[in-house]
Amino acid sequence: MASRRQRITSAVLGRTINGHSAGDLTRDDVLDNITLYWLTNTATSSGRLYWENKTNLYNAANISIPAAVTVFPGESYQAPRSWTERAYHKLIYFNEVDKGGHFAAWEQPELFSAELRAAFRSLRQSL
């Protein structure tokens, strides 16, 4: 599985680098994203969360509101369902998909949208 950096580098250069394809990302996708941060001057503030967050993001949470989780294979951490159920006490949806990574909404927008719809369908039906 190619890392995020390898996929983005491959997309920017427009070709497979060291056997790592860009997946569904194109050079235009990457340049559009960089341009958005550049023109709005938000690159620093968007990275601030990572800089200031000193906690371990992989510690189990104790969440008691309805939650939905989709596991993307290119994400840096893929929690198994058993761990997810321990962290999210009202888990209403859990699914593992075969494409996407840390930037799933960017890399796989159709899949990401379908997962959001499926995740919250049960809440919509109960209203």
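Quick notes on this structure:
- Residue tally, condition open to solvent by 40 Å² or more (accessible area, probe 1.4 Å) and either small (Gly, Ala, Ser) or assigned to a loop (DSSP other than H, G, I, E, B) (or both), over the range 114-127: 4
- Test result for residue 24, modelled with pLDDT under 80, outside any helix (DSSP H, G or I) and surrounded by 12 or more Cβ atoms within 10 Å (Cβ to Cβ): yes
- Look at (1) at pLDDT 80 or above; (2) closer than 24 Å to residue 116 by Cα; (3) open to solvent by 100 Å² or more (accessible area, probe 1.4 Å) and you find that residue 91 fails only one, number (3).
- Taking the range 78-111 as the range and being in contact with a strand residue (DSSP E or B) (Cβ under 8 Å, 6 or more places away or on another chain) and assigned to a helix (DSSP H, G or I) as the test, the residues that pass are 81, 84, 85, 87, 104, 107.
- Some residue of the range 28-46 being more than 18 Å from residue 105 (Cα to Cα), outside any helix (DSSP H, G or I), modelled with pLDDT of 65 or more and open to solvent by 50 Å² or more (accessible area, probe 1.4 Å): yes
- The range 64-77 - residue that is touching a residue at least 24 places away in the same chain (Cβ under 8 Å) and not in a strand (DSSP E or B) and, of those, farthest from residue 115 (Cα to Cα): 76
The values are calculated or read from the model by the stated rules, or taken from the named source; none is laboratory data. Computed from a predicted model, the values in this text were never measured in an experiment. In this analysis, Cβ positions are derived from the backbone assuming ideal geometry, glycine residues included, and neighbour counts consider all displayed protein chains. Keep in mind that these areas ignore ligands, DNA and RNA; they rest on the heavy atoms of the full protein, side chains included. Shrake-Rupley method; radii C 1.70, N 1.55, O 1.52, S 1.80 Å.
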